[in-house]
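**Q** Sharing a structure, written as structure tokens. Questions coming.
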Amino acid sequence: MQKLLNQYTQVTLWMTIVLIIAAPVYVVYDLFLRQPDKVEALHDEYVDKGSYLFAANQCWRCHGYKGEGGIGLPLNKTDSLSAREAKDPFIFKTIARGRRGTQMPPWHKDEGGPLDTEQIKMLREFILDGTHWGSYFDEEPLLVGDKRWKLTDNFLADHNLVPPAPLSQEDRGKALFSTANCIACHNVTSETKVGPGLAGIFQKDKLPNGKPVNDDTIKEWVQKGSASYKSDPSQQPYMPPYAGVVNTDDKMADMIAYLKTLKK
Ligand code: HEC
Ligand code: HEC
């Protein structure tokens, strides 16, 4: 009996020793070898679900079906978006709270929206990943194995969603007015901001450079700004050139069509 007990104590002792050694080894293995896999899997899952949330919540009505922008800013310029995000994490905040004074609504439940924190993180992961624009994952009505998500190229049709009507030239111009940041210096009323208010711009006799207002002179003005008549940028008021942003004939035509809608 004494011998049996002794054996038993020895076995327990050895098992304890094995456990003491094995536990840290397992932790190290989990941390360094398995964890990256887990993170990768979680990332993929977030991207898949984020893509579903983007499609199902109809973010594309404003940001374009392929993230190309429209009423809202483009979201598919992945590199520049990631660079901005690295400097100042704005994506979660913007989606959660929206942007006051713009058409971007708040989406977080705390702000009266439909989404929770995890879902907004998924949208952020999807946007930053940038590989799934235009082809979205869909939630399967039934679980197939352990997969709940399938890739679909017909999200709109599958969900009886109507794609947005193409924007009118004036609406594209309006969006450009905001994305090109004209809005930082110009009110669309008569009130002066940094530059003159632009209400009734096409009813004016002259631009600051003395030229009569028409499509051609407005085009020159937007491209060159005050450099169309002043050589010294320190001489205020001075508008910088915007040839770099309103950089195609189409964009210029959109801008002009919009400016024409601004009546006194
Ligand atoms: C009704 C139109 C509208 C809808 C719907 C909408 N957005 Fe926006 N969103 C905007 C506008 C407009 C802006 C730009 C605001 C500004 O000028 O700063 C914007 C800005 C953003 C930005 C910041 C972009 C940047 O470069 O600063 C993100 C990210 C974004 N939206 C994500 C989403 C997501 C995700 C959804 C869906 C859950 C969504 N938006 C739905 C209109 C919309
Ligand atoms: C950094 C500030 C700033 C930005 C941004 C800016 N402007 Fe201006 N804008 C001005 C100033 C200042 C003037 C007056 C310049 C002068 O008198 O020489 C002006 C003048 C104008 C005028 C003539 C207004 C009048 O009543 O005679 C038009 C049109 C105009 N801007 C259009 C635009 C458009 C379109 C954009 C965007 C592509 C833009 N501006 C962006 C500062 C700005």
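Coordinate-derived values only; no laboratory data. Just so we're clear, the structure is a prediction, and the values are computed from it rather than from any experiment. Glycine gets a Cβ as well: all are built from the backbone with ideal geometry, and neighbour counts include every protein chain shown.
**Q** Answer yes if at least one residue in region 173-182 is within 10 Å of ligand 2 (Cβ to nearest atom), among the hydroxyl-bearing types (Ser, Thr, Tyr) and closer than 14 Å to residue 260 by Cα, and no otherwise.
**A** No, every residue in region 173-182 fails to be within 10 Å of ligand 2 (Cβ to nearest atom), among the hydroxyl-bearing types (Ser, Thr, Tyr) and closer than 14 Å to residue 260 by Cα.
**Q** Select from region 202-242 the residues that are over 20 Å from residue 264 (Cα atoms) and among the aromatic types (Phe, Trp, Tyr) and write down the one among them that is nearest to the chain's Cα centre (by Cα).
**A** Within region 202-242, the match that is nearest to the chain's Cα centre (by Cα) is 242.
**Q** Of the conditions (1) near ligand 1 (Cβ under 9 Å from one of its atoms); (2) surrounded by fewer than 19 Cβ atoms within 10 Å (Cβ to Cβ); (3) aromatic (Phe, Trp, Tyr), residue 149 fails just one. Which one is it?
**A** All conditions pass for residue 149, except number (1).
**Q** Now, a different point. Of everything in region 223-261 that's in contact with a helix residue (DSSP H, G or I) (Cβ under 6 Å, 6 or more places away or on another chain) and outside any helix (DSSP H, G or I), which residue is farthest from ligand 1 (Cβ to nearest atom)?
**A** 238
**Q** Looking at the structure I just gave you, is residue 165 under 30 Å from residue 51 (Cβ atoms), near ligand 2 (Cβ under 7 Å from one of its atoms) and either of a type outside the set (Ser, Thr, Tyr) or touching a strand residue (DSSP E or B) at 6+ places or on another chain (Cβ under 7 Å) (or both)?
**A** no
**Q** Then there's this: Name every residue in region 245-264 that is within 10 Å of ligand 2 (Cβ to nearest atom) and free of Cβ contacts under 8 Å to residues at least 40 places away in the same chain, in order of residue number.
**A** Listed by number, the list holds a single entry, 252.
**Q** Let me ask something else about it. For residue 228, all conditions in the list (1) exposed (fewer than 15 other Cβ atoms within 10 Å of the Cβ); (2) hydroxyl-bearing (Ser, Thr, Tyr); (3) near ligand 2 (Cβ under 9 Å from one of its atoms) hold save one; what is the number of the exception?
**A** Failing condition for residue 228: (1).
**Q** Would you say residue 150 is part of a strand (DSSP E or B) and either free of Cβ contacts under 8 Å to residues at least 40 places away in the same chain or on the phi > 0 side of the Ramachandran plot (or both)?
**A** For residue 150, the condition - part of a strand (DSSP E or B) and either free of Cβ contacts under 8 Å to residues at least 40 places away in the same chain or on the phi > 0 side of the Ramachandran plot (or both) - is met.
**Q** Without any contact (Cβ under 8 Å) to a residue 60 or more places away in the chain and near ligand 2 (Cβ under 8 Å from one of its atoms): is that true of residue 197 in this structure?
**A** yes
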